[in-house]
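Here the structure comes first, spelled out in structure tokens, and everything after it is commentary.
Only the coordinates and a few stated rules stand behind these numbers; no lab work does. Being a predicted model, the structure only gives us computed values, none of them experimental. Cβ placement follows ideal geometry from the backbone for every residue including glycine, while neighbour counts extend to all protein chains displayed.
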Amino acid sequence: MKAVVIHAAKDLRIEEREVEALGPGQVEVAIEAGGICGSDLHYYNHGGFGTVRIREPMILGHEVAGSIKALGEGVSGLVVGDRVAVSPSRPCNACDYCLKGQQNHCLNMRFYGSAMPMPHIQGAFRQRLVAEQWQCHRIADGVSINEAAMAEPFAVTLHAVARAGSLSDKRVLVTGCGPIGALAIIAARAHGAREIVATDVMGAVLKKALEVGADRVIDVASNPEQLSAYSANKGYFDVQFEASGNERAVRSGLEVLRPRSTVVQLGLGGDVSIPQNLVVAKEIEMKGTFRFHEEFGLAVDLIGKRRVDLKPLLTGIFPVENAVEAFETAGDRTRSMKVQLTF
Ligand SMILES: [Zn+2]
Ligand SMILES: [Zn+2]
């Protein structure tokens, strides 16, 4: 089978790999669609992020869906031919955090396509993937395989919403409208947010933000005053989903958040400095959010029941042979939101 393997920054190769043996409780999935994520792009463009570096060749990818080709011993509830979205979250279910229901903090997590541990956890951009039955979520008839492959990034934002708490009656600010920011808009709407304002520095992505349900968008590169107007009377927003990782977005968010509001940080920008006095005086809660676990099933369900429409975010589909072109395209924010590979 073919697999998409990263060797170092800008060294992405299509290589032949053996299909893994099928064990009890496992299924063999013919992968049909795989979305390129920000983390995949970091490996491709920079060879890693933060202190995480590629130290051995690694198959990329963790946003995948396909159809079942073979069943291992003891698998029930799935049949050959079923179309499934595959959760990349593979916790041990035995460590302290797993036993507390915090699987996203598993000490032995084997999340696809991660260079954090050594040996690296090989990813899912491959023609055949052997997965545990419990990772596979059947997708509804009429849902395309490409939509199903967006369940993973959508689950990230559903977890962020869970971290924020109830959004009923809440005014929401989303800063950064890449795929995750845009999906956060969709997730916030699905959870009853009263009003959603989104910011970015690029017109193209702000258009998408409007298309997927933002009530208003602000280009903070050309019209920063439109955002700062919300700082009157100690602020306007109850919740900020910060998806840019940009220091200015964090700082300007603190200006326009109301007292006792919540910032949920999704973007990873490294070290930033923030005005402590605003956090203290407004009693602002700052929360991180990391991956997801049980939200994957919810994501598949909301997509399947047409409660959300993720299709507008899909901006490109490339055959696996053109993976390099796909990665270059995915990294260009002027023309791309979510780019997928087909296998
Ligand atoms: Zn992802
Ligand atoms: Zn664990």
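Among (1) surrounded by 18 or more Cβ atoms within 10 Å (Cβ to Cβ); (2) among the polar types (S, T, N, Q); (3) within 16 Å of ligand 2 (Cβ to nearest atom); (4) under 22 Å from Leu22 (Cβ atoms), there is one condition Gln133 misses while meeting the rest; what is its number?
Here Gln133 clears every test but (3).
Residues of the stretch 281-330 being of a type in the set (D, E, K, R) and in a helix (DSSP H, G or I), which ones?
Taking the stretch 281-330 first, the residues of a type in the set (D, E, K, R) are 282-283, 285, 287, 291, 294-295, 301, 305-307, 309, 311, 321, 325, 328.
The answer is Glu295, Asp301, Lys311, Glu321, Glu325, Glu328.
Working only within the stretch 152-166, note down all residues that are surrounded by fewer than 24 Cβ atoms within 10 Å (Cβ to Cβ) and within 26 Å of Asn223 (Cβ to Cβ).
Listed by number, the list is empty, since nothing qualifies.
Is it true that some residue in the stretch 289-298 is in contact (Cβ under 8 Å) with a residue 24 or more places away in the chain and under 28 Å from Arg13 (Cα atoms)?
The initial filter retains those residues of the stretch 289-298 that are in contact (Cβ under 8 Å) with a residue 24 or more places away in the chain, namely 289-298.
Okay, now just the ones that are also under 28 Å from Arg13 (Cα atoms), so 291.
Yes, the stretch 289-298 contains a residue that is in contact (Cβ under 8 Å) with a residue 24 or more places away in the chain and under 28 Å from Arg13 (Cα atoms).
Just give me the residues in the stretch 209-250 being on the phi > 0 side of the Ramachandran plot, surrounded by fewer than 21 Cβ atoms within 10 Å (Cβ to Cβ) and of a type outside the set (D, E, K, R), in sequence order. Before you say what the answer is, go through the steps one by one.
At the first step, the residues of the stretch 209-250 found to be on the phi > 0 side of the Ramachandran plot are 213, 233-235, 245.
Checking the rest, the ones that are also surrounded by fewer than 21 Cβ atoms within 10 Å (Cβ to Cβ) come to 213, 233-234, 245.
Gly213, Asn233, Gly245 - these are the residues of the stretch 209-250 that are on the phi > 0 side of the Ramachandran plot, surrounded by fewer than 21 Cβ atoms within 10 Å (Cβ to Cβ) and of a type outside the set (D, E, K, R).
Select from the stretch 109-122 the residues that are within 12 Å of ligand 2 (Cβ to nearest atom) and crowded, with 19+ Cβ neighbours inside 10 Å and list them in ascending order.
Residues of the stretch 109-122 that are within 12 Å of ligand 2 (Cβ to nearest atom), as a first pass: 109-111.
Met109, Phe111, listed by residue number.
Among the strands (runs of 3 or more DSSP E) confined wholly to the stretch 1-108, which include 1 or more residues that are surrounded by 14 or more Cβ atoms within 10 Å (Cβ to Cβ) and within 16 Å of ligand 1 (Cβ to nearest atom)?
Answer list for the stretch 1-108: 2-8, 26-35, 63-71, 83-86.
Could you go through the stretch 317-327 and let me know if any residue there is farther than 24 Å from Arg128 by Cα and out of contact with any Lys or Arg (no Cβ under 9 Å at 6 or more places or on another chain).
Initially, the stretch 317-327 is screened for residues farther than 24 Å from Arg128 by Cα, giving none.
No, the conditions are met nowhere in the stretch 317-327.
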